[in-house]
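Undergrad: First, the structure itself, so that you have it in front of you.
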Amino acid sequence: MPYETVKTNRLKSMLERLQAHIYEPVADLRVSAWVTPEPVSYEQRMSGAQVDLAQGDRWGSLWDCAWFRFTGQVPESARGAKVVLLIDVNGELCLVDE
């Protein structure tokens, strides 16, 4: 059948299986966020309500904004290897680092 309809849940399942073979978790991150109803500047990034988060936690309501702080360490077992940070905040993202 050349024009088979592909279901969204089937694609999601395939993506999850591929990711398991591409990305291997090496460490957890600590996550804090400062949530505001409207965007605030970098200088005001800590003016919102602070929440500490775990993977899967809801950090705000629809249309809320937040500045996040992710911290962690690369474990000795991964030193020297190519390490990437995979982040999904379920929204727009601007990354700032020293």
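Undergrad: Is there any pair with a first residue in the range 70-84 that is in contact (Cβ under 8 Å) with a residue 60 or more places away in the chain and a second that is surrounded by 10 or more Cβ atoms within 10 Å (Cβ to Cβ) and in a loop (DSSP other than H, G, I, E, B) whose Cβ atoms are under 8 Å apart and which are 6 or more apart or on different chains, and what are they?
TA: That search, which allows pairs on different chains as well, returns VAL84/TYR23.
Undergrad: Under 9 Å between Cβ atoms, which residue pairs at least 6 apart in sequence (or on different chains) link something in the range 11-30 that is open to solvent by less than 100 Å² (accessible area, probe 1.4 Å) with a partner that is among the aromatic types (Phe, Trp, Tyr)?
TA: Note: pairs meeting the criteria are LEU29/PHE70.
Undergrad: Follow-up. Which of the residues spanning the range 40-79 are open to solvent by 90 Å² or more (accessible area, probe 1.4 Å) and either hydrophobic (A, V, I, L, M, F, W, C) or in a loop (DSSP other than H, G, I, E, B) (or both)?
TA: Correct list: MET46, GLN55, ARG58, LEU62, TRP63, GLN73, ARG79.
Undergrad: How about the range 86-98: which of its residues are surrounded by 10 or more Cβ atoms within 10 Å (Cβ to Cβ) and closer than 15 Å to ASP28 by Cβ?
TA: Of everything in the range 86-98, just one residue is surrounded by 10 or more Cβ atoms within 10 Å (Cβ to Cβ) and closer than 15 Å to ASP28 by Cβ, namely ILE87.
The values are calculated or read from the model by the stated rules, or taken from the named source; none is laboratory data. A quick note: this is a predicted structure, and the numbers were derived from the prediction, not measured. No Cβ is skipped: glycine too gets one built from the backbone with ideal geometry, and neighbour counts run over all protein chains shown. All accessible areas refer to the heavy atoms of the entire protein, side chains included, with ligands and DNA or RNA removed. Shrake-Rupley method; radii C 1.70, N 1.55, O 1.52, S 1.80 Å.
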